[in-house]
1. What distance in nm separates the two pseudo spin-label positions at residue 230 and residue 78, each 7 Å out from Cα along the beta-carbon direction?
2. Please arrange 25, 177 by counting, for each residue, the other beta carbons lying within 10 Å of its beta carbon, fewest first.
3. Would you mind calculating the gained length between residue 187 and residue 114 on full extension (0.36 nm times residue separation, minus the Cα-Cα distance), in nm to one decimal?
4. What fraction of the Cα pairs in segment 39-104, stated in percent, has a spacing above 21 angstrom?
5. Can you compute the FRET efficiency between residue 133 and residue 51 using 1/(1 + (r/R0)^6), with r the Cβ-Cβ distance and R0 = 35 Å? Round to the nearest 0.05.
6. So how do 114, 41 line up by other beta-carbon neighbours within 10 Å, fewest first?
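Nothing in this text is a laboratory measurement; each read-out follows from the coordinates by a stated rule. Just so we're clear, the structure is a prediction, and the values are computed from it rather than from any experiment. Don't worry about glycine lacking a Cβ; one is built from the backbone with ideal geometry, like all the others, and counts go over all protein chains shown.
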Amino acid sequence: MKTTEDRLPEDNGLPSTPSTIDGRTLWLEKGEVNGKKIDVILRSGHHLKTEGTPDIRRISAAIIAPDGARYGPAVQQLNNGVLLRFHNVGTGFFTVMVRHGPAPDSSRAPGDNICWTTKAIVEAGKKVRYFSKLAGDGLEIVPREPYLETGKPINLAVFLEGKKAVGALLTAYSEKTDREDRYVIGRDGRARVTIDAGGRWLFTATYIEPMPGVADVPKRKHHETTLLMNTITWYQ
């Protein structure tokens with residue numbers, strides 16, 4: 001395991017593998033983008049292989065414009081995902097955030113509260129400037145750059161409600177190599193991730209937040225988020 005710290009704190013409570021929603025992971029893929037609309041598709045499955053569809057009734061979504069304004073999407077159920085369409089968006093880098101609420105599950109430990117989010121960074125227009133910034137919605141991965149370059153590491157920060165998620169587990173999955181590397185978020189709130197293959201990469205962050213509870217029923221909040229990014233050969 002690659003880490004930004006020597007080891008995980010013993011009381012961190014992080015699972016050995018990221019959690020899933022109904023046995024699947026969620027991610028956002030970019031669809032058609034122009035100055036008047038942005039389409040993203042919410043997928044579910046394993047290692048970027050689609051399996052089933054997310055439950056549209058358990059989804060809330062927002063797009064954050066470069067000026068900080070927030071908009072809601074039109075939502076459409078697809079056979080293999082959920083289409084989220086944002087209208088009249090303009091140009092710049094936009095952040096799409098989706099929350100997925102859990103279904104009742106009697107198998108969960110008493111007091112557990114599971115919070116899932118997924119994020120996409122979408123460029124609308126040409127030669128627009130990127131600013132690395134927080135959406136501030138639950139757990140989120142914030143890249144220093146909006147793209148990946150093969151052979152060049154990228155710094156990824158993980159935040160929970162705007163605060164550094166120190167000790168979070170970050171998983172980097174390469175679709176091309178079918179390999180998964182794991183990192184632990186250090187005291188600076190970041191991990192330096194090696195990008196050694198082209199194509200799509202899925203980053204997953206998992207964090208356990210202790211919560212006040214009673215002696216017999218400890219309470220905790222389990223956060224998970226994903227970010228899908230692509231490699232490019234040049235950027236302007």
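1. 1.3
2. 177, 25
3. Numbers: separation 73, 0.36 × 73 = 26.28 nm, distance 2.41 nm.
Length difference between fully extended and current span is 23.9 nm.
4. Values: 606 of 2145 pairs.
Tail of the P(r) past 21 Å holds 28 percent of the pairs.
5. Numbers: r = 33 Å, r/R0 = 0.93.
Calculated value: 0.60.
6. Sorted ascending by nearby Cβ count, the order is 114, 41.
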